[in-house]
Amino acid sequence: MRKMSAVLLSSVFLMALFCVVSVAPAFAYGGHSKNPPPKKDALLLVTFGTSVQSAQKSFEHIEKKMQAAFPNTDIRWAYTSQIIRRKLAGEGKMIDSPEIALARLMDEGYREVTLQSLHILPGAEFHALNSNARKFEEMRGGIRKIRIGYPLLMDNKSMDQVLEVAFKSIIPDERKAEDAVVFMGHGSHHPADAIYSAMMYKAQKRDPNCFVGTVEGSPTFEEILDQLKARGVKKAYLIPFMTVAGDHSINDMSGKDPDSWESQLKKAGIKAVPVLHGLAEYDGVVDVWIQRLKASRERQHRGK
């Protein structure tokens, strides 16, 4: 009798142990033992945005080159401009903010995200972006690692690289030495706005008739116009110094509005030649971002 009881007790213990071992994995995965493994890596491209359809070719060019450089990485987009996102939403085109895009990636199970800023300067938007993105690393069960790729112009090296592209590929070949070249930047109220002045200093060391102005910062167009008049310039090429040739390029730089740079040049007796191509339409400019991304990933891989 005692022997039978011992056998029965052993059988019950083994059955209980089997149940615990069998059920434990289900609890470990929230009751879903067939969940797919977490996705490894995504690249989130973040830009101010544009609602100008013709300017989209800059973004298409960026994505094509990024996908070629990182073939096994999923690419997503986000716009920092709420005004642009709302305008596009009214047209039935939904674009996420960086925060919503990161939340989606986290919800979809991505463990690592590289966020690449497509802004020109490390201004207020970039600093807000960097601060908010870092919060997603602090969430339990969220994104394990977020890498931040810096904007286009961060140091002397990147400024020299972009100017090299400008003089080789962006400035039209038919431009003569006596013709001026005026790049239009957006400008910022952030201290990073000083980069535009640094760019003009560097540009004029290569070519005294090359200028960099801004819509909302410094140098102003009025300052540049005074210099063009003083030099007796008769012709000036107007070129966007922005990721895309969007609203500012079409209306503030060129166009018939009396306040446009083109109209003001004509009023001063200077022939204006607008070149409506964004910086991101040029391979060499996008390559600066790609080189920075590759370096960032290599540092991460080495644990530095």
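Quick notes on this structure:
- Calculated on C-alpha atoms, the gyration radius of region 225-272 divided by its Kirkwood radius gives an Rg/Rh of 0.99.
- Relative packing of 239-248, 51-60, which averages over residues the other C-beta atoms within 10 Å, highest first: 239-248, 51-60
- Proportion of all alpha-carbon pairs of the chain beyond 26 Å (%): 54
- In Å, descending, principal axis extents of the Cα set of region 153-304: 58, 30, 24
- Percent of Cα pairs in region 48-172 per distance bin of 5 Å, from zero to the largest separation: 2, 9, 16, 20, 22, 17, 9, 4, 1, 0, 0.
- Ellipsoid equivalent to region 219-304 - semi-axes via the Cα gyration tensor, in Å: 37, 14, 10
- Measuring between alpha carbons in the structure, the pairs from K57/K202; K168/K271; K40/K202; K87/K267 lying more than 32 angstrom apart are K40/K202; K87/K267.
- Against the criterion of solvent-accessible heavy-atom surface with a 1.4 angstrom probe, D207, D259 sort, most first, into D259, D207.
- Note on D207 and A89: the model spin-label points, each 7 Å out from Cα along the C-beta direction, lie 4.3 nm apart.
- Largest first and in whole Å, the equivalent-ellipsoid semi-axes of region 107-229 read 37, 16, 10, each the square root of five times a Cα gyration tensor eigenvalue.
- Positive minus negative residues near G232 (Lys, Arg vs Asp, Glu; Cβ under 15 Å): +3
- The relative contact order of the chain, computed from alpha carbon pairs under 8 Å that lie at least 6 residues apart in sequence, is 17 percent.
The values are calculated or read from the model by the stated rules, or taken from the named source; none is laboratory data. Here the structure is a predicted model, which is why all the values come from computation and not from measurement. Ideal geometry is used to build each Cβ from the backbone, glycine not excepted, and the neighbour counts take in all protein chains shown. Keep in mind that these areas ignore ligands, DNA and RNA; they rest on the heavy atoms of the full protein, side chains included. Shrake-Rupley method; radii C 1.70, N 1.55, O 1.52, S 1.80 Å.
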